[in-house]
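A.B. asks: I'd like to ask some things about the structure below.
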Amino acid sequence: MLILWGFIFVMLVFILWMKIFQNQIIGHIGEKHTAGIIKAISRGCVFRDVYVNGCHGVQQIDIIAVTEKGILVVEKKTYIGLIVGSEYDKQWKIFAAQGRRKYSMKNPHHQNFGHIQALLENFPAMKNLCVDVVIFGNNAKLGDKIPANTIRDADFQRFYNSLPNLLSQQQISDFVNQIQTLESKRAEYKKLHRQKIRGKRS
């Protein structure tokens with residue numbers, strides 16, 4: 001009987017843990033999946049969960065891919081449902097559960113603009129070489145007014161092939177080395193980013 005109660009307790013703790021951290025877990029899995037797709041198709045150097053310090057504080061970038069098509073700065077979203085919004089809308093809408101539930105989200109391209117600006121502050125040579133991309137999972141349906149650089153995982157190959165070549169192999173190597181320099185301050189920047197997020201919530 002004691003073993004049974006112990007098992008029940010462990011399961012309850014596990015379920016509670018999953019409820020608390022389910023968004024982070026789903027996000028982590030989604031980012032890893034998308035990063036794998038990008039790497040396989042672009043054959044570039046892909047970085048995940050990158051922290052960059054800029055004039056507006058530390059920015060957390062889901063994925064950076066240094067490829068012959070440029071430096072792809074990717075914001076990954078794992079929402080399921082119909083995504084409605086346009087390039088200039090501050091807020092986008094998510095219609096889930098066949099339209100029975102409606103949520104708002106900040107325009108992810110506005111979010112990604114801040115990410116790119118922070119990168120350019122640190123690495124000015126990247127100017128005009130960064131490609132803003134927002135990628136949803138394949139369970140999302142994108143509305144008619146969604147910008148062309150908002151895609152799903154399944155659309156990445158078509159999107160990537162449509163881009164012009166921008167970087168030589170030497171430039172790719174140079175930019176990879178530059179981004180790798182951020183790793184030395186990762187722990188410090190991650191801590192500052194968490195403090196910034198907590199400040200916004202309070």
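A.B. asks: Where q = 0.12, 0.14, 0.18, 0.25 Å⁻¹, what log10 of I(q)/I(0) comes from the Debye formula for the range 72-160, counting one point per Cα?
C.D. replies: So the normalised log intensities work out to -0.38, -0.50, -0.78, -1.28.
A.B. asks: For N53, list long-range residues whose amide hydrogen, built 1.01 Å from N in the peptide plane, is under 5 Å from its own amide hydrogen.
C.D. replies: HN-HN under 5 Å from N53: Q59.
A.B. asks: I've got another one for you. Please list, ordered by chain and number, the residues whose modelled amide H lies under 5 Å from the amide H of G81; skip anything fewer than 5 residues away on the same chain.
C.D. replies: Residues meeting the criterion, in which the H sits 1.01 Å from N, are A140, K141.
A.B. asks: Residue separation times 0.36 nm, minus the C-alpha to C-alpha distance between R43 and N139: what's the value?
C.D. replies: Full-extension gain reported as 32.0 nm.
A.B. asks: Report the per residue volume, in Å³, of the convex hull enclosing the C-alpha atoms of the range 46-93. Intermediate values should be presented prior to the final figure.
C.D. replies: Values: hull volume 6.6 nm³, N = 48.
With only Cα atoms used, the range 46-93 gives 137 Å³ per residue.
A.B. asks: In Å², what does the accessible area per residue of the range 97-202 work out to with a 1.4 Å probe?
C.D. replies: It amounts to 64 Å² per residue over the range 97-202.
A.B. asks: Return the long-range amide H neighbours of L166 (sequence gap of 5 or more, or a different chain), with a cut-off of under 5 Å between placed amide H atoms.
C.D. replies: Amide H neighbours of L166: K69, G70.
A.B. asks: Which links in K32/K191; K39/K106; K69/K127 stretch past 25 Å when you go from one Cα to the other?
C.D. replies: Those over the limit are K39/K106.
The values are calculated or read from the model by the stated rules, or taken from the named source; none is laboratory data. Remember, it's a predicted structure, so these values are computed and weren't measured experimentally. Please note that ligands, DNA and RNA were not included when accessible areas were found on the heavy atoms of the full protein model with its side chains. Shrake-Rupley method; radii C 1.70, N 1.55, O 1.52, S 1.80 Å.
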